[in-house]
Amino acid sequence: MFDSLSDRLGGVFDRLRGRGALTEADVRAAMREVRVALLEADVALPVARQFVDEVTEKAVGQNVLRSITPGQQVVKIVNDALVAMLGSENAGLAIDVTPPAVVMLVGLQGSGKTTTTAKLAKLLSGRDRKKVLMASLDVNRPAAQEQLAVLGTQIEVATLPIVAGQQPVDIARRALSAAKLQGFDVLMLDTAGRLHVDQALMDEMRAVSDIASPAETLLVVDSLTGQDAVNVATNFSQQVPLTGVILTRMDGDARGGAALSMRAVTGKPIKFAGVGEKLDALEPFHPGRVAGRILGMGDVVSLVEKAAQSIETEDAERMAARLEKGKFDLNDLRAQLAQMRRMGGLGALAGMIPGMKKAQAAMAAGAVDEKILLRMDAMIGSMTVKERAKPELISAKRKIRVAKGSGTTVQDVNKLLKMHQEMATAMKRIKKMGGMKGMMSLLG
Ligand code: GDP
C-alpha cells in the first residue's frame, strides 16, 4: 500500500532533513517534488495542488524548534496535512440507534460489495458482539443471494431466507420486519450491484433507502480503479445520502490515489479498508496511521510533538542550565531518564538527534526499552542524597545495598555508574564546545 508514494516522499524528506538550515527556496523545491509524487500516486489534481499550497505556506512561515531540524518540522507539517486530507479521525459506524440499525451497502458490480457485507457483519458480530442479520437485495446477478447465504454460514451470521422472485423493495421490507421481530441489533442490506451508474437501479436504491431508513449508507468502491472510484463516489453521493465509503483491494493498491483524494473530493469519510480476500481482511480506516505509513515515520512525527511539549517544561530548562555548566550528577541522569520515558525510550531520543540515521535509531529503540529505564530509576532511587550528588562515594559495599534495594545486581549498578560516568564526561566536553547550542549547531 502506498509503496511508491512512500518511497518518493522518503527521498524528498531525507534530503530536507540532511540539511541544518532550510531556505524558503529549499522548501518550495521540495514541495514541487511532493506535488509530482502525489500526482504520480494518482491523487486528484486540485487536491494535490491545494495540499502543496497549504503545506508550503505553513512550512515557509514556521519557526524552527530548538533541538529539532527544520527538515523534521516540514515532515511534521506534511504529516498533519496528510492526516487532514485523509479525514482527521477514524469515522466509526453510527449504529447506536433503536435496533435494528440498518447498514446499507451500495456500489458497482465487482467492487467487493457482497464480500464486504460479510466482512463487516463478521466484525460487528465478533468484535462488537452485535446480533446481525444479512439480506441480499441483489436479484440481478445470478446466485448473488446464495453467495451471501454461503458467506453467512461461514462466519456464523444469520441471513434472510431467500424467497424466489421477490423484488428488492419487498425483500427490504421483509428483512426489516424479521430483524425487528427477532431482535437483531443490526440489519445489513447488500443491494444490487450495477455495471455503471444507471438510473433505474439508482431509483430502486432510493426506494429501499426510504423504506429502511439506514443508519449507515456505505459505498463500496475498488481502490484499484483510482480516480474512477472517486468519480463513482461523487456520482452516488448525488443520488443517495452516503454516510461513508469502504475502499476494497487496498492490499493490491500501490498508488493509493483513491484513498488520498476520496475525502477531499467527495466530503465522505473512508470508514473501512478491505485488505484481502479473507473475511477478516477489513480494517477500520485511521487517517493518522495511514499517514504514518505513507511517510514511513510515524514515530518521528509523534516524537517531534512530544519534544515540542517537553521543551516547554521547567525541568528541561533547569537541565539545560546545568548542562551548560558541564555539571551532570545522578540526579540529572534520573531526570533525563524520566524524560526519556515520557518521550518513549532511548530510541525516540536517538531519532531526535539531527543527522542520526534511521537504522541507528531503530537499533537503539530495540536495545533499550521502558523496563531498563525503570530499573535504572529504581537504582538511583535506592541511593542516598549524598550518593546521588557524588557518585564516587558509592563503594563496593554501597553497591550491594543499592542492588538489593532496587532488586537488581551489582553488575547492573556498575553499568549504570559507567553510563553516568560516560555521560558526565560527554557533558564536560560539550561545555568546552560551547554548550548544548554549540553541539546542536555542529550536528545540525
Ligand atoms: P460484488 O459484485 O461487489 O458483490 O463483489 P464480490 O463481493 O463478489 O467481490 C468480487 C471479488 O473481489 C471477490 O473475488 C472478492 O474475494 C474480491 N475482494 C473483495 N474485497 C477484496 C479486498 O479487499 N482485497 C482483495 N484482494 N480482494 C477482494
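Note on segment 160-198: among residues that are at pLDDT 95 or above and charged (D, E, K, R), the one that is nearest to ASP128 (Cα to Cα) is ASP185. A search for C-beta distances below 8 Å between a residue of segment 188-205 that is more than 10 Å from the ligand (Cβ to nearest atom) and any residue that is in a helix (DSSP H, G or I) and of a type in the set (Ser, Thr, Tyr), counting only pairs 6+ apart in sequence or on different chains, returns MET188/THR117. Can you tell me which residue in segment 121-161 is farthest from VAL208 (Cα to Cα), limited to those that are in a loop (DSSP other than H, G, I, E, B) and either within 16 Å of the ligand (Cβ to nearest atom) or not assigned by TED's automatic domain parsing to the domain that holds LEU279 (or both)? Within segment 121-161, the match that is farthest from VAL208 (Cα to Cα) is VAL157. Of the residues making up segment 1-47, those that are without any contact (Cβ under 8 Å) to a residue 60 or more places away in the chain and either among the β-branched types (Val, Ile, Thr) or in a loop (DSSP other than H, G, I, E, B) (or both) are VAL12, ARG19, LEU22, THR23, VAL27, VAL34, VAL36. On inspection, VAL265 fails the criterion of being buried (at least 23 other Cβ atoms within 10 Å of the Cβ) and closer than 18 Å to VAL197 by Cβ.
Is it fair to say MET205 is at pLDDT below 95 and in the same structural domain as THR116 (by TED's automatic domain parsing)? The answer is yes for MET205.
Evaluate the following for THR159: is it of a type in the set (Val, Ile, Thr) and crowded, with 16+ Cβ neighbours inside 10 Å? Here the answer is yes, as THR159 does meet what is asked. Looking across segment 96-119, the residues that are more than 11 Å from the ligand (Cβ to nearest atom) and either acidic (Asp, Glu) or more than 16 Å from ALA175 (Cβ to Cβ) (or both) come down to ASP96, VAL97, THR98.
Before we move on, is VAL230 crowded, with 20+ Cβ neighbours inside 10 Å, within 26 Å of ALA158 (Cβ to Cβ) and not aromatic (Phe, Trp, Tyr)? So VAL230 does not fit the description; no.
Consider ALA37 carefully, then state whether it is buried (at least 17 other Cβ atoms within 10 Å of the Cβ), of a type in the set (Gly, Ala, Ser) and either over 18 Å from ALA254 (Cβ atoms) or modelled with pLDDT of 85 or more (or both). Yes; evaluated as a whole, the condition is true for this residue. The requirement of being assigned to a loop (DSSP other than H, G, I, E, B) and farther than 27 Å from GLY226 by Cα is not satisfied by LYS180.
Tallying residues that are small (Gly, Ala, Ser) and buried (at least 17 other Cβ atoms within 10 Å of the Cβ) within segment 77-135 yields 11. Residues in segment 245-262 that are away from the ligand (no atom under 16 Å from the Cβ) and either surrounded by fewer than 23 Cβ atoms within 10 Å (Cβ to Cβ) or without any contact (Cβ under 8 Å) to a residue 24 or more places away in the chain (or both): 0 in all.
The values are calculated or read from the model by the stated rules, or taken from the named source; none is laboratory data. None of these values were measured; they are calculated from a predicted model. Heads up, the Cβs are rebuilt from the backbone with ideal geometry, glycines too, and the neighbour counts pull from every protein chain shown.
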